[in-house]
Amino acid sequence: MDIKFYKVHPNVPEIVPARSNRDWMDATMNRFAYRCLPLSIANATGWEVLCPTTFDILYTGGGGISDIRIAGRDPNYPVDALAASHFAHGVLTFHIGYLIRTPPGWGMFVTGAPNWPKDGLTPLAGLIQTDWLPFPFTMNWKLTRPGKYTFHKGEPFAFLMPVPHFEMEALEPKVYSLDSHPELKGAYEEWSQKRAEFNQRLHDNDPEAVKEGWQRWYTRGETPDGKKVEVRHTSKRKMKKLVPGEPGTATEPAR
């Protein structure tokens, strides 16, 4: 399946496969944050839209358009073409620069890069029906208090993740007692017991437990009894790079 990125103008921001690493995760003791595989997978599940220049945001805390001022650090880059106070109310709007088309039934979930905290402002998420939309969308951030904030060149200002959003409506969530699934309950109780024992061994500075560091069942795709899971499992994610489309192949099928 193809996702088509149509450039609205020549000088569009760069879009790259999302990275799994984070500076704050690197800074944790022994980089222990990477032991949480769901964090790393979430970080890399999509594409980042990178800021092409460094600029500062000055926010007074007011609700008017003029209460947000943007100051670019590169005099040769027109930062107002990238970001602006458009909606007021402390909202900063970025222009993606692309008209995006996804396969039928797929939309684009757009937000900030996952697990990338930014002090004083928060990304606003949107789900866009990009399988038919004939114009670009924007990425918006909400400033949460007065101050000066900076987006740096190469920093992601938007994160793109395609989702089959209509299929989600077909999901039927049902609640059961764990007792109704004896096999699953047994696996859960085995995990709970082994985890408690392992944590106690860590607390007691057991050499083998300390050397092991943590139980890697989830990372290896194994149940606590050492069996490989029967469904598809991954411990890494690498999205494909954007490449030029073949001339004359951008025609889309009837929807």
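The values are calculated or read from the model by the stated rules, or taken from the named source; none is laboratory data. Bear in mind that the values here come from a model prediction, so they are computed numbers and not experimental data. Cβ sites come from the backbone with ideal geometry, for glycine too, and all protein chains shown count toward neighbours.
General remarks:
- One residue stands out among those in region 159-213 that are among the aromatic types (Phe, Trp, Tyr) and not in a loop (DSSP other than H, G, I, E, B): the one that is nearest to the chain's Cα centre (by Cα), which is 159.
- Qualifying residue in region 7-18 (condition: modelled with pLDDT of 95 or more, under 30 Å from residue 214 (Cα atoms) and of a type outside the set (D, E, K, R)): yes
- Qualifying residue in region 187-205 (condition: among the polar types (S, T, N, Q), on the phi > 0 side of the Ramachandran plot and either touching a residue at least 12 places away in the same chain (Cβ under 8 Å) or not assigned by TED's automatic domain parsing to the domain that holds residue 43 (or both)): yes
- Of everything listed in (1) out of contact with any helix residue (DSSP H, G or I) (no Cβ under 9 Å at 6 or more places or on another chain); (2) in the same structural domain as residue 60 (by TED's automatic domain parsing); (3) surrounded by fewer than 16 Cβ atoms within 10 Å (Cβ to Cβ), the single unmet condition for residue 175 is (2).
- For region 232-248, the set of residues classified as modelled with pLDDT under 90 and touching a helix residue (DSSP H, G or I) at 6+ places or on another chain (Cβ under 6 Å) consists of 235 only.
- Test result for residue 188, among the hydroxyl-bearing types (Ser, Thr, Tyr), out of contact with any Ser or Thr (no Cβ under 6 Å at 6 or more places or on another chain), surrounded by 11 or more Cβ atoms within 10 Å (Cβ to Cβ) and over 30 Å from residue 95 (Cα atoms): yes
- For region 126-159, the set of residues classified as more than 17 Å from residue 4 (Cβ to Cβ) and either of a type in the set (Val, Ile, Thr) or without any contact (Cβ under 8 Å) to a residue 24 or more places away in the chain (or both) consists of 126, 138, 144, 150, listed by residue number.
- Restricting attention to region 52-78 and to residues that are part of a loop (DSSP other than H, G, I, E, B) and touching a helix residue (DSSP H, G or I) at 6+ places or on another chain (Cβ under 8 Å), the residue that is surrounded by the most Cβ atoms within 10 Å (Cβ to Cβ) turns out to be 53.
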